[in-house]
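Take a look at the structure below.
Only the coordinates and a few stated rules stand behind these numbers; no lab work does. Since this is a predicted model, take the numbers as computed values, not measurements. Cβ sites come from the backbone with ideal geometry, for glycine too, and all protein chains shown count toward neighbours.
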Amino acid sequence: MSLGPRSIFRKTWRTVASVEAGVVLLILVVILSAVGTIVLQRPVTSADEMQSAYSPQVLRILDAVGLTDVFHSWWFLGLLFLVSLCIVAASIDRLPHRWRYFSSPYRYPDEGFRRANRPQKSLALVNAKAFEESSLVAAERALQSKGYNPERVVRQDHIGIFAEHHRISELAVYIVHSSLLLIFFGAIVDGLWGWRGTMNLNEGQSSNVVAMRDGETRTLPFYLRCDAAGEENYKDGTPKRMWSKLAVVKAGQDVQKKEIVVNDPLLSSGFRFYQSSYGTNGTLGHFTELEVSHEPGQWVVWSGVVLMGIGLAFVFYLVHMRIWVVPVRDPKTGKLSLWIGGSANRNRDGFEKRFNDLVASIENELKPLTCSAPDGATRFGR
């Protein structure tokens, strides 16, 4: 039996929006990112280091498959796009239910909810209508002492109290999702519109022209000057450390200076200048070779990192805690009790301790009422 376009779309959507697909793709991103940290990457690593670390044949293969520039390879950017698509689809698929849960919290527990909810406690009350209101006032005082803002919930023939903490934590997952999308979007922007080239400068020379690998050139919005360059060697003559003293010049003024070494570039106006090589240029003295990269998506990436920190703080440190307090009269015996229930979206063991402390506070608030109850009245108890 052939599937229609609508059925194919639904199955595709369910696959893309599934948690399993997102997790698998995210694991692949993590693995490939790890490969990008293990395999030496251009232009962070100088050409001399690359040639000394890998044989010409291995280096040729690594360059061909993009493993020396993982984070700008087409297959890595494509994977980031697929992960982003899964995150968007999963968020859209679950947002309506989550938003209803957030915007319209469950304020009054019905009988079925009261039977199934955990944790819960039931305190027997004095069998008088006046004590029903007094017990709610006592519960409100106990809730306020614990930092809650209790809300009276009135139904046709019922009344109760609802209180909660940190409802925003229900949307924390979407903050994390948004941060991942920002990080991936910034990485994709870098991969598509970022570029890398080289710049050779003699000591004292200034330039704003970057040579690209395809023979073209790009012009920087400022001049870069090399004030000095040098190299430190080991006793056997092998290079130990190459450095260059650079200055960024705008409108004839030095606006930034830095001595760079390998893996410690100069960053200015979205451009990074890496130390790549060093040598002598006859009578012109020393020269330095710089790898230049333009990464327009870096600010987006760092914005995503900050947002992820906020989202993870919400996830781990904010718990949505809900409390219900309802006077309940047994239809068979006519006995009145104060039902107290609670719920938390995570760290339920810790919440149960807080819940027990709250119940104890409510019991303490109820004691003056029971002490003043008429003789023979039914007093509260567990």
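What ³J(HN,Hα) values, in whole Hz, does the Karplus curve 6.51 cos²θ - 1.76 cosθ + 1.60 give for the range 5-20 when θ = phi - 60°, with x put for Gly and Pro?
x, 5, 5, 4, 4, 4, 5, 5, 4, 4, 5, 5, 7, 6, 5, 4
When a footprinting reagent is the concern and you count Cβ atoms within 10 Å, what order do 323, 8 take, fewest first?
Arranged by neighbour count, lowest to highest, 323, 8 become 8, 323.
Just tell me which lysines come within less than 25 Å, Cα to Cα, of residue 332; anything on the same chain fewer than 8 places away is out.
Cross-link targets: 121, 129.
Sort 121, 332, 250 by Cβ crowding within 10 Å, fewest neighbours at the top.
Ranked by crowding around the Cβ, least crowded first: 332, 250, 121.
With a ≥ b ≥ c the root eigenvalues of the C-alpha gyration tensor of the range 230-307, is it rounded (a/c under 1.5), prolate (a/b larger than b/c) or oblate?
It comes out oblate by the Cα gyration axes.
Counting alpha carbon pairs within less than 8 Å and at least 6 residues apart, what relative contact order, in whole percent, applies to the chain?
22
Starting from the coordinates of the alpha-carbon atoms of the chain, obtain the Kirkwood hydrodynamic radius over all distinct pairs and give the value in Å to one decimal.
26.9
Mind giving me the FRET efficiency for residue 94 and residue 47? R0 is 51 Å, r the Cβ-Cβ distance, nearest 0.05 is fine.
0.60
In debye, nearest 20: dipole of the range 5-100 around its Cα centre with unit charges on the Cβ of K, R (+) and D, E (-)? Intermediate values should be presented prior to the final figure.
Working: 9 positive and 6 negative charges, 182 e Å.
The dipole magnitude comes to about 880 debye.
Using only the alpha carbons of the range 78-195, what is the convex hull's orientation-averaged projected area in square nanometres? Walk me through the numbers before you get to the answer.
Working: hull surface 44.9 nm².
Over every viewing direction, the Cα hull of the range 78-195 projects on average to 11.2 nm².
Could you work out the equivalent-ellipsoid semi-axes for the range 108-259, taking the square root of 5 times each eigenvalue of the Cα gyration tensor, largest first, in whole Å?
So the equivalent ellipsoid measures 74, 19, 17 Å along its semi-axes.
Suppose every Lys and Arg Cβ carries +1 and every Asp and Glu Cβ carries -1, with no other charges. What dipole size does the range 195-294 come out with about its Cα centre, to the nearest 20 debye?
220
If you bin every alpha carbon distance in the range 5-100 into 10 Å steps from zero, what whole percent lands in each bin?
Final binned percentages: 15, 33, 23, 16, 10, 3, 0.
Tell me which of 102, 59, 312 sits at the most positive position along the dipole axis of the chain, charges placed on C-beta atoms (Lys, Arg +1; Asp, Glu -1).
In the chain, that residue is 102.
Roughly how big is the chain's charge dipole about its Cα centre, with Cβ charges of +1 (Lys, Arg) and -1 (Asp, Glu), in debye to the nearest 20?
About 1940 debye.
So how far apart, in nm, are the two label points at residue 249 and residue 219 if each is 7 Å from Cα heading toward Cβ?
1.7
Pop out the Kirkwood hydrodynamic radius of the range 217-360 from its pairwise C-alpha distances, inverse of mean 1/r, in Å to one decimal.
Averaging 1/r across every pair of different Cα atoms and inverting gives 21.7 Å.
What length, rounded to one decimal in nm, is gained on full extension from residue 360 through to residue 284, with 0.36 nm per residue of separation minus their alpha-carbon distance?
Here the segment from residue 360 to residue 284 would lengthen by 18.8 nm.
Between residue 267 and residue 152, what length comes free when the chain is fully extended (0.36 nm per residue of separation minus the Cα-Cα distance, one decimal in nm)?
Length gained between residue 267 and residue 152: 35.6 nm.
Quickly work out the residue 299-to-residue 60 label distance, labels modelled 7 Å from Cα along the C-beta direction, and quote it in nm with one decimal.
4.4
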